[in-house]
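Data block below; observations after.
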Amino acid sequence: MSEETEYEITYSLRRRKPGDDDYAEIGFGSSGGWDSPNACAYAVGSDIQNYCWETECGMPDPNETRADIEGEA
């Protein structure tokens with residue numbers, strides 16, 4: 001069995017609301033291991049489009065961010 005090269009993208013999602021001086025991290029994630037950077041980018045894009053990133057205590061729930069963006073807040 002031959003070993004194959006794997007790629008991973010790690011990301012941080014940040015936002016700056018009106019009146020904020022700087023960006024604040026609201027989430028983060030990883031593509032996981034894939035056989036190409038394009039596959040990683042697809043996984044990251046899917047996570048972000050579907051509001052499936054990870055959060056830590058104090059970060060807004062991704063669904064709150066979705067509601068804010070879609071004007072449902």
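The values are calculated or read from the model by the stated rules, or taken from the named source; none is laboratory data. All values derive from a computational prediction rather than experimental measurement. Note: ideal-geometry Cβ built from the backbone for every residue, glycine included; neighbour counts use all protein chains shown. Ligands, DNA and RNA are excluded from the accessible area calculation, which covers all protein heavy atoms including side chains. Shrake-Rupley method; radii C 1.70, N 1.55, O 1.52, S 1.80 Å.
Miscellaneous remarks
- Ellipticity at 222 nm from helices only: DSSP H runs of n ≥ 4 in the chain, each -39500 (n - 2.57), divided by the residue count, give -8500 deg cm²/dmol.
- Note on Arg14/Ala39: beta-carbon distance plugged into 1/(1 + (r/R0)^6) with R0 of 25 Å gives a FRET efficiency of 0.55.
- Share of carbon and sulfur in the accessible heavy-atom surface of segment 1-61 [1.4 Å probe, %]: 45
- Total charge dipole magnitude, segment 11-73, about the Cα centre, Cβ charges on Lys, Arg, Asp, Glu only, Debye to nearest 20: 160
- The chain: angle of helix 37-49 to the longest principal axis, Cα-based, in degrees nearest 10: 30
- Computed from the C-beta positions of Asp68 and Tyr7 and an R0 of 25 Å, the FRET efficiency is 0.20 to the nearest 0.05.
- Taking only alpha carbon atoms, the chain gives an Rg to Rh ratio of 1.10, where Rh is the Kirkwood radius.
- Over the chain, accessible surface divided per residue gives 76 Å², non-protein components excluded, 1.4 Å probe.
- Selection from Tyr42, Gly19, Cys52 lying farthest towards where the dipole of the chain points positive, charges on Cβ: Gly19
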